[in-house]
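The values are calculated or read from the model by the stated rules, or taken from the named source; none is laboratory data. Just so we're clear, the structure is a prediction, and the values are computed from it rather than from any experiment. Cβ atoms come from the backbone with ideal geometry, glycine included; neighbour counts cover every protein chain shown.
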Amino acid sequence: MPVRTLTEDIDNLYTTTWQNMKGKVADQIFDATPFWFWLRQNDGLESIRGGRFLSEPLRYAKSDHVQFVKRGSSMPLSDKEFLTNSQDDWRYLADSIIRFGIDDQQNSGKGQIISYMNAKLENSRDSLIDKMEETIAGGTQSGLSFNGLRDLVADDPTSGTVQGIDASTYTWWRNKTKDLTGVSFGTSGVKWMNKMVNDCSKNQRQDSPNIIMTGQQPFEMYWEETLEQRRVVNKTMGDSGFQNIEFRGIPMVWSPQIASADITATAGRMYFLNTRFLKFKYDPQVFFDMTSWKEIPSQINDRAAQIITAGNLMTSRRLVHGVIHTIDTV
C-alpha cells in the first residue's frame, strides 16, 4: 500500500476543510454587503444547472383583450405576444490559492498548518467579497466580469444592448434616469428622489423600488438634510449591522464602490432598485467550489488550486429601476 506524502496530506486537508466551510463562506459572502444581503433576503439568488446561456423571460406588454361585456358579447380570441426572452453569458469568478512546498514543510505541525491554511482560505473569502461588490456596485460589465448596476440601470438607458435586447429599439427596456448636472442636491435632491420613486413605481406596489443604493457622500448629504427623520431606519438592515436610513419607507444604504471615476471624483449616483426583478443566477455545481490541486510547472513542490463560481446578475424588468447620476457632492 503506497504511503501518502506530506503534500498529498495537505492537499486533502485543504480540500476537506474548504468543503466543510463552503456553505458558511457562501453565506458570509452574500451577507457581507447591503446589496448582496438585500438581494438574498428578497429571493434574488436563483439556482440554474448548466446550459450554454442564462435566460430571463420578460413580460413587455399587457393583454388588450380586457373589456366589459354583456349577454351575447363576443370576446377577441386572437393571441397576443407579451413575452420575450433575454439572454446573457455565464460569467466565472475565480481566485487562486498558491502553496509553496517550503511553506508546507515549515508549517507541517498540526496546529501550524491549520492556522496557515485558515489564513489563506479566509483571505480568499475576503477577496471574493471585495471583487463581487466592486464588480456589481462599481463598474460596468467588461471583458469577463458579471453585469454591474451601471449596465442594468444605465445613466443613458436609450442606447446599448443589455441581456441581448437593444434598448435603442425597445422603449420598454429602458430604466429611469435623471442627470443632476448643475443642480444643488441640498436644495432639490429630495424632490428628484421623490420623482424617481414615482417614475419607477407608477404608484403600483409591486413596481416600487425596495432599496436605494448610493455612495458615501450622497448618503451623508441626505442624512444631513433629514435631521428630524434620521432615526427612521429599516430594522432588517439595521439588525444585520448595515447603516441605513429610510426614504418613503425604502431603506437607503451606501457602498464605497458606487463611484463615478469616468465623470469626476466629486460626482455621485443613487440607484433606485426593485430586487423583486433582480436575480443573481448561479450554477450550484460550480458555486464557490475548489478545484483539484495542481503542480506548478518548473517549481519544486509548489501547487495551486482555484475557487470558482459561475453566475451573472440579470433583470427581468428594467423599467422599474432608476438612477440619479452626476450628483454634485462638493
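Here are a few things to note about the model shown:
- Residues (more than 19 Å from A310 (Cα to Cα), touching a residue at least 40 places away in the same chain (Cβ under 8 Å) and either out of contact with any helix residue (DSSP H, G or I) (no Cβ under 8 Å at 6 or more places or on another chain) or assigned to a strand (DSSP E or B) (or both)) located in region 286-298: I296
- Residues in region 83-124 that are in contact with a Phe, Trp or Tyr (Cβ under 9 Å, 6 or more places away or on another chain) and of a type in the set (K, R) were compared, and the one that is farthest from I10 (Cα to Cα) is R91.
- In the set (1) among the charged types (D, E, K, R); (2) part of a helix (DSSP H, G or I); (3) touching a residue at least 60 places away in the same chain (Cβ under 8 Å), the condition left unmet by D155 is number (2).
- Failed criterion for D130 (all others in (1) closer than 19 Å to R91 by Cα; (2) of a type in the set (D, E); (3) assigned to a loop (DSSP other than H, G, I, E, B) hold): (3)
- Among (1) assigned to a strand (DSSP E or B); (2) farther than 18 Å from N123 by Cβ; (3) at pLDDT 80 or above, the one test that D43 misses: (1)
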